[in-house]
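For reference, the structure is listed below as structure tokens.
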Amino acid sequence: MSDPLQPARDLILSLRTNLSTLILGTASADGLPEASVAAALIHTDGAFSIYISGLAAHTRNLRENPRASVLLAEPETPATNALARRRLTFACNAATVPRESAAHAEFVAAFRAKFGPTIEVLAGLPDFQFVRLMPQRGRVVAGFGAAFEVDPRDWTHLTPVGHPLAR
């Protein structure tokens, strides 16, 4: 008997393995929403790190309201149905990584390894900073009727939700 959760697990692994950017949802202190794209890495504890400019609206928003939504979605081209595009979302808490910390130096090295020498240029700009996004809860949608809560600590424990086909 096949595992009904396997397609969702495969999707999570693919999104995690192929991640270069994420879609970031933030809100200002007065609740105005902002959607943006940020270069990102995923850490072994399931947290994301993003490297963003202090001049950007999403950075201001995260300072004022340290909650964010992260969206990882399969590309539109291979999606078999645009209305059932497979995706993974996380509600996150955000924390700035101090420039003088060991974590900052580790993140610069990790981003340089993934994104190349452009990171050296950004690292020299005083407004760029790392933000760590710690997932609090997650949901994967692997198709129509296939939505599952995702354990944000390990991304492998799934609980069916919503439509009866997901059970």
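Coordinate-derived values only; no laboratory data. Keep in mind the model is a prediction, meaning the values are calculated, not measured. Note: ideal-geometry Cβ built from the backbone for every residue, glycine included; neighbour counts use all protein chains shown.
Here are some notes:
- Ranked packing of 124-132, 140-148, most packed first, by mean Cβ within 10 Å: 140-148, 124-132
- Karplus 3J(HN,Hα) series, Hz, for the range 142-152 with 6.51 cos²θ - 1.76 cosθ + 1.60 (x for Gly, Pro): 9, x, 4, x, 10, 10, 9, 5, 10, 5, x
- Its relative contact order, with pairs defined as Cα atoms under 8 Å and 6+ residues apart, puts the range 6-162 at 24 percent.
- Cα-centred dipole magnitude for the chain, charges only on beta-carbon of K, R (+1) and D, E (-1), debye, nearest 20: 200
- Relative packing of peptides 57-66, 35-44 - highest average C-beta neighbours within 10 Å first: 57-66, 35-44
- Residues Leu72, Leu5, Leu32, sorted so that the one with the fewest Cβ neighbours within 10 Å comes first: Leu32, Leu5, Leu72
- Gaussian network model of the chain, springs between alpha carbon atoms under 10 Å - residue of Ser101, Ser69, Ser53 with greatest fluctuation: Ser101
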